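As structure tokens, the structure follows; a few thoughts come after it.
Values in this text are rule-based calculations from the coordinates and carry no lab data. Please read these numbers as outputs of a predicted model, since none were measured by experiment. Note: ideal-geometry Cβ built from the backbone for every residue, glycine included; neighbour counts use all protein chains shown.
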Amino acid sequence: MLYIVPTPIWNLEDITYRAVRILKEVDIVACEDTRTSGILLKHYDIEATKISYHSHSGKYKSDKIISLLKEWKDIALISDAGTPGISDPGYALMQDVLAENLEVTALPGPSAVITALSASGMSSHHFLYLWFLPIKKWRQTLLTRLSENKTETVVIYESVHRIERTISDLENYFGPDHKMVVWRELTKKFEEYIRGTILEVSTYFKENPGKVKWEFVVLF
Ligand code: SAM
């Protein structure tokens, strides 16, 4: 059986009892980065046999995992943070494993998109999760399409390198009065959300350059 196991997006307490039990019981834990996951596994006294499975692993690694599953080994897939497959490695492996009709199950657990959305104050009845906005040409096409016909809350991930450019682009496409929320440092001690119009959020970051750090979830 392949278990898709979500792990904390920062705060090590954010893991379920079941996830810890599964990680202790499986034969192998496939990690996006064995050193990063080693911190979590050590924290919970999980003495797992680790192998790596990351975005560049390719077919060879999938085949290896598939052959282990065919030997009735139980394998847990974890990423560096949050839910595997959600902007993290997992999708390609899932395709290969399902093509072989092998058993897969997913545990519920942390993901930055759902955590941010649930307390955003924005409508969560209909939302569109777009991963990171594309960087090049397709970015303009996508923003144009959204600005012409957006009825749902849009959620994106953003890095420290592009957050200011993204807010500026959103201002250009949606106007300064459009509402947005930016979450930073989710589940960390200095977790912070910035709500307001795009202009207000943009002004906040201009006046507080020290806050342009770490990782962000953006809703608009
Ligand atoms: N698999 C993860 C999940 O389920 O949320 C997402 C991994 S994706 C590679 C990493 C991005 O998620 C970051 O660049 C950031 O936009 C967002 N993210 C992850 N953890 C976060 C946190 N604690 N606070 C804010 N954003 C976070």
Which order do 103, 71 fall in if you start with the one that has the fewest other Cβ atoms within 10 Å?
-> 71, 103
If you rank 214, 183 by fewest surrounding Cβ atoms within 10 Å, what's the result?
-> 214, 183
Taking a straight Cα-to-Cα line shorter than 12 Å from residue 206, and setting aside same-chain aspartates and glutamates fewer than 8 residues away, one finds 164
Among the lysines in segment 2-106, how many pairs, 8 or more places apart or on different chains, have alpha carbons under 25 Å apart?
-> 19
Can you give the angle from 0 to 90° between the axis of helix 198-207 and the longest principal axis of the chain, with both taken from C-alpha atoms, to the nearest 10?
-> 80
Which loop-located GluC sites (Glu not before Pro) does segment 163-220 contain, where loop means any DSSP state but H, G, I, E or B and the Cβ has at most 14 other Cβ atoms within 10 Å?
-> 191
Which lysines, on any chain, are close to residue 179 with Cα under 16 Å apart, when same-chain ones fewer than 8 places away are left out?
-> 150
Got a sec? How would 125, 54, 43, 161 order by Cβ neighbour count within 10 Å, fewest to most?
-> 125, 161, 43, 54
Any chance you could give the angle, 0 to 90 degrees and rounded to 10, that helix 163-174 forms with the longest Cα principal axis of the chain?
-> 60
